[in-house]
Structures are given as structure tokens and as C-alpha cells.
Amino acid sequence: MCIDNMFEKGIGYSGLQPGKTHLGKTEKMDFLLNYELYIRLSTFLSIFMIIALWELLAPRKIRTATRFIRWPSNIGISLISGFLLRVALPIMAIGLAIYARKHSHGVLNIFEFPEWLIIILSLLCLDLVIYFQHIMFHMVPLLWRLHRMHHTDPDLDVTSGSRFHPIEIVLSMVIKMAAVLVLGPAPAAVLIFEVWLNATAMFNHGNVFIPLKLDKLIRWILVTPDMHRIHHSIHRWETDSNFGFSLSWWDRLFGTYRDYPQDGHENMTIGVGMFRNPKYLGLHWLLIQPFLKERE
């Protein structure tokens, strides 16, 4: 499918010259679509710096591995993933959402809902898709091999939120694009969702302290670092819980919610068996890890 056939003159998208879009009903949608790359980068850098500073001033757990090894590897794998994604799928989810809206594809385009309602429904549906995708990557052995690399980080911090194998990132985008074709969400909602998902991933992987009473309140809506940390426990029965990335409702609704780790947050061990060996922190090990056999 050729990009030229999907986009007519005047529709902005990252990698193309920004122009005025005719798809949006408001100037706000025009702004979101035309300045997508700037929105992504500015939000990412802002949240990254805030969480990193928070970790420095109020850490939740003592690190077991040095950041001088973990950070270059985690940031390096995310850069490789981002590059591969742009090369393999240059249109990506937001481009497909523009195409679906233009040609009235998808369930949400059947109904004449107001734009604000379509955006809310789009965000909820996409978040639910990510929840079930996350479960699938845990339950299907071949997919777990890919996703396992994310779980082998021996510590959690702001860089862990983007530590995913490049092949998993591409597969995740393919799933998201399929969901976009079925749903037909608002293009602005897709951009908002992807920016929001990236921000919440940095937040809930952050090694930050939140007062326990405040944490309990926040996690009725959002996945907090204490809630998500349980998902990274070395105990597999805890790893297979708390699958939500942003909204915590799905875990409560579908019975995958776990409130507290067996060993407590201060004493719990994070990671996966043999891959807690410091030698596996190197970038080259992260890339080949799905092809390595796990030993207890």
C-alpha cells in the first residue's frame, strides 16, 4: 500500500511536510497531527527528566546493578527498536488511523458520535487491546521469549519502561495497527494514546517513592510503580499479574490484580532466574536473549 495513495496533499504526518489537515474538526486535532514528532519527543524528554530526578531525590528501592551498565543498554535497545520500527512500518498506527477515518473503516466510524466521545472510546479500547496483548506475550511461549528480555532487568527505573526487544516492538505495532483498522479510532486519539502509554510506562517503571496512602488512591485509576513492580517479581505467579500499563481497571475487572508482593517491596527480587547475572546487562546480550534457553 503506497503512502501516496493514502495521503492527499495537505495531510500532515511525521516524515512528511506538515500541512493543514482536513480530517480534524478542531484546530487542536490539526495541531496534534501536524506536530506529532515534536509532541512525542518533548513529552518523552520531559517525563524522562522528571522521573529520573524523582528517582534521585526519593528512590523506592536500593539498586542491585549499576546504572552505568544498565542505562546505556536500556537506552540503546530502545533507540534500535525505534529505528527498526520506523524502517519496517513507516506509516504506523496514526497513519493507518488517518486512512481509516478518511475511508470510514472501523467500528467507531459506523456511528455518528461526537468527536470527544470517539476519542474517549478510542483511548479505552486501545488500552484494553494493550492489556490483552500483554497477557498474550506472557502466555504464548514463543512470544514470552521476546517479552522476557523486558523482565530480565534486575532493577526498575525510568529506562526500563522502553526496554523491549526490537522484534517485540514491531509485533506490538502490527497488533496496534490491526486494532486501529478494526476500531477506526480518531487519529488524534491514537497519538494521544501512544504518547500517554509511553509516559505511563516511564512512570510505572520508575524507582520512585509514593506515600502508601496516596499510592492506594492513585491505583484505583492508574498503574503505579508499586503495583507494576509486582509484575517484575522473580516469582512467576507474581509476574503473571498486574498486566495493565496505564489504567489499572482491567486487572481488577479480569481478576489479574495483585495488591502486594509476597516478599514485600523492599525485599522482593526483580528479574528472571539466570539472567540476573550481570554479564547479561550488555546490549548485545539483550539483542540475542530471546534465542537463549532459560535455566533455573
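Expressed as a whole number of Å, what is the distance separating the alpha-carbon centroids of segment 71-87 and segment 160-204?
15 Å
Take the chain, drop everything but the C-alpha atoms, weight them equally and run the Debye formula without solvent; then report log10 I(q)/I(0) at 0.11, 0.15, 0.16 Å⁻¹ to two decimals.
At q = 0.11, 0.15, 0.16 Å⁻¹ the computed log10 ratios are -0.67, -1.21, -1.34.
Let me know the charge dipole size of the chain about its Cα centre in debye, to the nearest 20, where only the beta-carbon of Lys, Arg (+1) and Asp, Glu (-1) is charged. Show your work: numbers first, answer last.
Details: 28 positive and 24 negative charges, 92 e Å.
Around 440 debye, computed over the chain.
With unit charges on the beta carbon (Lys/Arg positive, Asp/Glu negative), name the residue among 90, 189, 126 whose Cα is farthest towards the positive pole of the charge dipole of segment 85-239.
90
May I ask you to list the GluC sites (Glu not before Pro) in segment 108-205 that are in a DSSP loop and have at most 10 other Cβ atoms within 10 Å of their Cβ?
112
Please state, rounded to one decimal and in Å, the Kirkwood hydrodynamic radius that segment 84-243 gives when every pair of distinct Cα atoms enters the mean of 1/r.
16.8 Å is the Kirkwood radius here.
Determine the sum of side-chain charges near residue 209: Lys and Arg each +1, Asp and Glu each -1, restricted to other residues whose C-beta is under 10 angstrom from that of residue 209.
Here the charged neighbours net out to -1.
Would you work out the charge dipole size for segment 107-222 about its Cα centre, treating the Cβ of every Lys and Arg as +1 and the Cβ of every Asp and Glu as -1, and quote it to the nearest 20 debye? Kindly include the intermediate steps, with their values, before the conclusion.
Values: 7 positive and 9 negative charges, 61 e Å.
Result for segment 107-222 is approximately 300 debye, rounded to the nearest 20.
Tell me the label-point distance for the pair residue 215, residue 240, using the 7 Å Cα-to-Cβ offset, in nm and rounded to one decimal.
Simple spin-label model gives 2.5 nm for this pair.
In segment 57-164, what trypsin sites (Lys or Arg not before Pro) fall in a loop by DSSP, with at most 15 other Cβ atoms inside 10 Å?
Qualifying residues, ordered by number: 63.
Could you calculate the FRET efficiency of residue 68 with residue 171 from 1/(1 + (r/R0)^6), where r is the beta carbon distance between them and R0 is 25 Å, rounded to 0.05?
E between residue 68 and residue 171, to the nearest 0.05, is 0.20.
Please report, ordered by residue number, every helix of the chain (full DSSP H runs) that is 24 Å or longer along its axis going by C-alpha atoms and whose mean Kyte-Doolittle hydropathy reaches 1.6. Can you show the working numbers first?
On the way: long enough: 36-57 (32 Å, 1.55); 67-88 (30 Å, 0.83); 115-139 (36 Å, 1.66); 166-183 (25 Å, 2.18); 187-204 (25 Å, 1.19).
In the chain, the long hydrophobic H runs are 115-139, 166-183.
Which residues make up the longest stretch of the chain that has no chymotrypsin sites (Phe, Trp or Tyr not before Pro) in a DSSP loop with at most 12 other Cβ atoms within 10 Å?
1-110
Treating the Cα atoms of segment 187-296 as identical point scatterers in vacuum, please give the log10 of the normalised Debye intensity I(q)/I(0) at q = 0.10 Å⁻¹, two decimals.
Log10 I(q)/I(0), no solvent term: -0.35.
Residues of segment 124-242: accessible area per residue at 1.4 Å, in Å²? Mind showing how you got there, number by number?
Numbers: 3810 Å² over 119 residues.
That works out to 32 Å² for each residue.
Using a basic spin-label model with each label point 7 Å from the Cα along Cα→Cβ, how many nm lie between residue 50 and residue 124?
2.5 nm
Place a +1 charge on the Cβ of each Lys and Arg in segment 180-296 and a -1 charge on the Cβ of each Asp and Glu, then give the dipole magnitude about the Cα centre in debye, rounded to the nearest 20.
Approximately 120 debye in magnitude.
In nm, what is the difference between 0.36 nm times the number of residues separating residue 115 and residue 43 and their Cα-Cα distance? Don't jump to the answer; show the numbers that get you there.
Numbers: separation 72, 0.36 × 72 = 25.92 nm, distance 2.37 nm.
So the chain would gain 23.6 nm between residue 115 and residue 43.
The values are calculated or read from the model by the stated rules, or taken from the named source; none is laboratory data. These numbers come from a predicted model, not from an experiment. Methodologically, a virtual Cβ is constructed for each residue, glycine included, from the backbone with ideal geometry; neighbour enumeration extends over all protein chains shown. Only protein heavy atoms, including side chains, enter the accessible area calculation; ligands, DNA and RNA are left aside. Shrake-Rupley method; radii C 1.70, N 1.55, O 1.52, S 1.80 Å.
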